[in-house]
Structures are given as C-alpha cells and as structure tokens.
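For reference, the structure discussed in these notes is given below.
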Amino acid sequence: TPGGDQQDQWTVAFFLRHAMGMNLQAAIDAPSWHIDHFPGSFWPRSQTLNRLTVESRMPAATLDALRAAGHDVKVGPDWSEGRISACTREPAAGGQMLLRAAANPRGMQGYAVGR
C-alpha cells in the first residue's frame, strides 16, 4: 500500500476487517478512514489536531457518533481513502495450495494476479 502517513492506518484497518471474517475483497472495499492528528512525516511536518478523514460512504450514524464524541470529521469523496491490494495462500484439498487475491478499487488501477 502506498500512502505516506496513512498507509499503516489503512493496512491495520484492512487487516482487522479481514481477521474478523471479511474476505479479502470485502475488507479492501469497506469504507475507509485515517487520522490526521500526528505531525506529518513530510515537510513542512504539519499537524491537524483531532481530525479524522473518512470516505463519504461511511454510514451517517457513524459520522454523527464521531462528531458527537468531539472529532473534527473531514468527509472525503467515495473511494478516496486506502490503497490496499492483498493475497493469501492457503492449503487446499489434495495437498494443493489455494491462492486468493483482491485488488484496490481506489485511485489508480489495481490488479489481483496470481500463479
């Protein structure tokens, strides 16, 4: 995943969704978010306190709850947060390996390819 200061946040959110039962593509496709709170890694190392950037596909009730909790919620366009592609290799019946992959629908082109 590319994404500068957001890539670790996008990856953790994806991993948790997948670990809790979503398949790879569903975990990638779920509405995503990141925080803007800490100082940025890139010059001029700006920071925005208490801001959470979310995709507009996030449920309205979630946005309302975040705002009620005191967060400055910045709503970005649909499919704007997260650049994740993933694959898994799992044992299959007969001793073979099953390859699964999922591609990113956000930003530039994403492909899921395996062999």
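Within the stretch 70-115, the residues that satisfy the criterion of being open to solvent by 60 Å² or more (accessible area, probe 1.4 Å), touching a helix residue (DSSP H, G or I) at 6+ places or on another chain (Cβ under 8 Å) and within 21 Å of Gln9 (Cα to Cα) are Val75, Arg83, Ser85, Cys87, Pro105. Applying the condition of being modelled with pLDDT under 90 and of a type in the set (Gly, Ala, Ser) to the stretch 32-84 and asking which residue is nearest to the chain's Cα centre (by Cα) yields Gly82. Annotation: Asp5 fulfils all but one of (1) in a helix (DSSP H, G or I); (2) under 24 Å from Ala101 (Cα atoms); (3) modelled with pLDDT under 95; the unmet one is (2).
Right, Ala27: under 22 Å from Met108 (Cα atoms) and not in a loop (DSSP other than H, G, I, E, B) or not? For Ala27, the condition - under 22 Å from Met108 (Cα atoms) and not in a loop (DSSP other than H, G, I, E, B) - is met. Filtered by the rule that a residue be in contact with a strand residue (DSSP E or B) (Cβ under 8 Å, 6 or more places away or on another chain), surrounded by fewer than 17 Cβ atoms within 10 Å (Cβ to Cβ) and within 26 Å of Thr48 (Cα to Cα), the stretch 10-30 gives no residues. Residues in the stretch 27-55 that are touching a residue at least 24 places away in the same chain (Cβ under 8 Å) and of a type in the set (Ser, Thr, Tyr) were compared, and the one that is nearest to Asp5 (Cα to Cα) is Ser41.
If the condition is being touching a strand residue (DSSP E or B) at 6+ places or on another chain (Cβ under 9 Å), without any contact (Cβ under 8 Å) to a residue 60 or more places away in the chain and not in a strand (DSSP E or B), then the stretch 85-105 contributes only Ala92.
Touching a residue at least 24 places away in the same chain (Cβ under 8 Å), more than 17 Å from Gln7 (Cβ to Cβ) and either open to solvent by 80 Å² or more (accessible area, probe 1.4 Å) or not in a strand (DSSP E or B) (or both): is that true of Arg67 in this structure? So Arg67 does not fit the description; no.
The values are calculated or read from the model by the stated rules, or taken from the named source; none is laboratory data. The model shown is predicted, which means the values in this text are computed figures rather than measured ones. Virtual Cβ from ideal backbone geometry, glycine too; neighbours counted across all protein chains shown. All accessible areas refer to the heavy atoms of the entire protein, side chains included, with ligands and DNA or RNA removed. Shrake-Rupley method; radii C 1.70, N 1.55, O 1.52, S 1.80 Å.
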